[in-house]
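Since the structure comes first, as structure tokens, the remarks are kept for the end.
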Amino acid sequence: MFEELQGFLDYLRHERRLSPRSLEAYERDLLGVKDWASGRGLRRWPELTSHLVRAYIAERHRQGLSGSTLRRALSSLRALFRFLHREGVVGHNPADSIRAPKSDHRLPSHLDPETLGLLLDGIPSDSPLGTRDSAIMELFYSSGLRLAELVSLDLNDIVSSGELLRVTGKGAKMRQVPIGAVARQAVDRWLSIRSRLAKPGETALFVSQRGNRISPRAVQQRVDLQARRGMAPCHVHPHMLRHSFAGHLLEGSGDLRAVQELLGHADIGTTQIYTHLDFRHLAEVYDNTHPRARKKKDPGQ
């Protein structure tokens, strides 16, 4: 019953190369639909009609699921049926015409520019680890990176004389993002002493005390440590720095599409509403609105 689900998950894992976390989200969403449909006597995906999809969304909404959660479930269902159509199992996509209930689009919590600026400026760079941590946190905020994206960075991902960063995002999709001037200075400081920690031949941009590529957990711990040392008013984690990047650019520019492009968002169900923006425009939005995009003036000037 509903045996095509495993084939779809294998497709996401091997062809789309999605991360384990993304795969878990797809599986969770689709198992929820499958269990609901099974309870109504359905045994195969082709039996799922638009009317039934609409009923599922309405029932889950009454049970308290948010609009964003239901949008994600619909996105997963659309992706599944596109796969099934490709495989010749179905002739239409019953989720295409269904829309999830609206909900507030509030940004996740983020620090204000002044507080975050003080925190980043206060990270001590008198040791290799402090210098590394400063570069890590500046890059999170400068370029809006996900934790997995930062950890996977290699030395050769810094391009165009250090002004751009080549990032491998979800689904192995590549994008280029600007590196603000303050972050470039922090990264340069780290590169100048990186050899003290890195093992010979190690390609990772950021390494641990043992000289190997730093782990996601270690980055989380170091961000938390530096934030507590800096007397941050709340718990600070890598995703909060990414949220702050997005929030501050949105506040300064109002250009939601540009910020989404810089973040590397590519939600399957809503990708078609985004228009392609050339990098010159993205860089202009970034330079004009990011609080740390420009070099600081020399106090002596």
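The values are calculated or read from the model by the stated rules, or taken from the named source; none is laboratory data. Note that the structure is predicted; figures quoted are calculated from it, not measured. Cβ placement follows ideal geometry from the backbone for every residue including glycine, while neighbour counts extend to all protein chains displayed.
Applying the selection to segment 218-235, what residues are of a type outside the set (S, T, N, Q) and either crowded, with 21+ Cβ neighbours inside 10 Å or at pLDDT 95 or above (or both)? Result: A218, V219, R222, V223, A227. Pairs linking a residue in segment 166-178 that is at pLDDT 85 or above to a residue that is among the basic types (K, R) and surrounded by fewer than 17 Cβ atoms within 10 Å (Cβ to Cβ), with Cβ atoms under 6 Å and 6 or more positions apart or on different chains, are Q176/R166.
Could we say that L205 is in the same structural domain as R229 (by TED's automatic domain parsing), over 15 Å from the mean Cα position of the chain (by Cα), closer than 30 Å to E24 by Cβ and surrounded by 17 or more Cβ atoms within 10 Å (Cβ to Cβ) here? Yes.
Within segment 34-87, being without any contact (Cβ under 8 Å) to a residue 24 or more places away in the chain, more than 15 Å from E3 (Cβ to Cβ) and not in a helix (DSSP H, G or I) holds for G39, R40, G41, Q63, G64, L65. Pairing each residue of segment 187-211 that is closer than 18 Å to L150 by Cβ with any residue that is buried (at least 16 other Cβ atoms within 10 Å of the Cβ) and of a type in the set (K, R), provided the two are 6+ apart or on different chains, yields C-beta distances under 6 Å for W190/R132; A204/R213.
Kindly indicate the residue of segment 175-202 that is under 17 Å from D126 (Cα atoms) and among the basic types (K, R) and also surrounded by the fewest Cβ atoms within 10 Å (Cβ to Cβ) among those meeting that condition. Top of the filtered list is R196. Hey, any hits in segment 145-153 for a residue that's among the basic types (K, R), assigned by TED's automatic domain parsing to the domain that holds Q226 and assigned to a helix (DSSP H, G or I)? No; the residues of segment 145-153 include none that is among the basic types (K, R), assigned by TED's automatic domain parsing to the domain that holds Q226 and assigned to a helix (DSSP H, G or I). Under the condition of being more than 18 Å from P94 (Cβ to Cβ) and assigned to a helix (DSSP H, G or I), the residues counted in segment 1-33 number 16. The single residue among L120, L107, L111 that is of a type in the set (A, V, I, L, M) and modelled with pLDDT of 90 or more turns out to be L120. Hey, could you check segment 154-174 for residues that are closer than 28 Å to P20 by Cα and in contact with a Leu (Cβ under 8 Å, 6 or more places away or on another chain) and say which is surrounded by the most Cβ atoms within 10 Å (Cβ to Cβ)? Looking at the filtered set, the residue picked out is L165.
Report yes if L9 is modelled with pLDDT of 90 or more, out of contact with any Lys or Arg (no Cβ under 6 Å at 6 or more places or on another chain) and outside the structural domain of A246 (by TED's automatic domain parsing), otherwise no. Criteria met by L9. Cβ separations smaller than 7 Å between residues 6+ apart or across chains give the following pairs from segment 214-243 residues that are in a helix (DSSP H, G or I) to residues that are among the acidic types (D, E): R222/D133; Q226/D133.
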